[in-house]
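The values are calculated or read from the model by the stated rules, or taken from the named source; none is laboratory data. Only a predicted model underlies this, so the values are computations on that prediction, with no experimental measurement involved. Backbone-built Cβ (ideal geometry, glycine too); neighbour counts: all protein chains shown. The protein model used for the area step is the full one, side chains on, heavy atoms only, and it has no ligands, DNA or RNA in it. Shrake-Rupley method; radii C 1.70, N 1.55, O 1.52, S 1.80 Å.
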Amino acid sequence: GDSVTQMEGPVTLSEEAFLTINCTYTATGYPSLFWYVQYPGEGLQLLLKATKADDKGSNKGFEATYRKETTSFHLEKGSVQVSDSAVYFCALSDRETGNQFYFGTGTSLTVIP
Amino acid sequence: EPEVTQTPSHQVTQMGQEVILRCVPISNHLYFYWYRQILGQKVEFLVSFYNNEISEKSEIFDDQFSVERPDGSNFTLKIRSTKLEDSAMYFCASSGLRYNEQFFGPGTRLTVL
């Protein structure tokens, strides 16, 4: 079945450090891939998405590239800020298995000044 | 910017009691969802709802669960007789199109004692 495996956390970085959060997936069909972010006390917010192979999603300095050959969608940011502290969720939706989302476990990021 | 809202933010109940979790999806959306996240585990799909009926449900969504759209704005999840293992964060989501990104509410934390 479909699933998402996400890098375990928590992750603690200093401000301006480089961030990578790994995400790999298993899918029956040809999925769309998403990164959601959850700030403290808030809901899941869409950060970026990619719907086909080699697409790069980007938003707020974050990027992720849909790699079909490695079934990956790693999240990266060149220089993190304290305000990026949140929990990040990788997710997929797959038309072959319906319109539910499959989520990873979430990675907690703390950025210290 | 339109958003999904959920009430209450935290619900504490005794085992065996009925609970109703409420959601107001984004007003022009047609597809509605419930997910849950047990502490430390993945966000799991429960059910999707379209055109006033359930379109998909997971194995978790057994006879103890039901969903309803009682009017044009609310979307509710009812648990008839809560168990300790129902303690989780419950997220409501909505989308405008079937396979598009889903917009999530802030969640309701359910604690069953």
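Mean partner shielding of peptide A:93-105, defined as the number of other chain Cβ atoms within 10 Å of each residue Cβ, is 6. Gain on full extension, evaluated as 0.36 nm per residue between residue A:69 and residue A:12 minus their Cα-Cα distance, stands at 17.6 nm.
So if we plug the beta-carbon distance of residue A:76 and residue A:96 into 1/(1 + (r/R0)^6) with R0 = 30 Å, what FRET efficiency do we get, rounded to 0.05? With R0 = 30 Å, the Cβ-Cβ based efficiency is 0.60.
Given chain B, what percent of its DSSP beta bridges are antiparallel, to the nearest 5? Please report the intermediate quantities before stating the final value.
Working: 35 of 39 bridges.
Antiparallel bridges: around 90 percent, rounded to the nearest 5.
Taking a virtual spin label 7 Å from the Cα of residue B:51 along the C-beta vector, which residues in the stretch B:74-106 bring their backbone nitrogen under 14 Å of it? Under cut-off, by backbone N: B:98.
Counts of other chain beta carbons within 10 angstrom of each beta carbon in peptide B:89-101 average 3. Put simply, the convex hull of the Cα atoms in the stretch A:9-113 casts, on average, a shadow of 6.3 nm². Distance between the modelled labels on residue B:14 and residue A:39, one decimal in nanometres: 4.0 nm (7 Å Cα→Cβ projection).
Relative to 2.2 N^0.38 Å, what does the C-alpha radius of gyration of chain B come to as a ratio? Two decimals please.
Details: Rg = 13.1 Å, N = 113, 2.2 N^0.38 = 13.3 Å.
So chain B has a normalised radius of gyration of 0.99.
Residue by residue along A:30-39, Cβ atoms of other protein chains within 10 Å of the local Cβ number 2 on average. Chains B and A together bury some 1800 Å² of accessible area, summed over both sides, with a 1.4 Å probe. With the charge dipole of the protein assembly as shown set up from +1 on Lys and Arg Cβ and -1 on Asp and Glu Cβ about the Cα centre, the Cα lying farthest toward the positive end among the listed residues B:41, A:85, B:10 is that of B:10. If you average 1/r over every pair of different alpha-carbon atoms in the protein assembly as shown and take one over that average, what Kirkwood value in Å do you get? Every distinct Cα pair counted, the radius reaches 18.0 Å.
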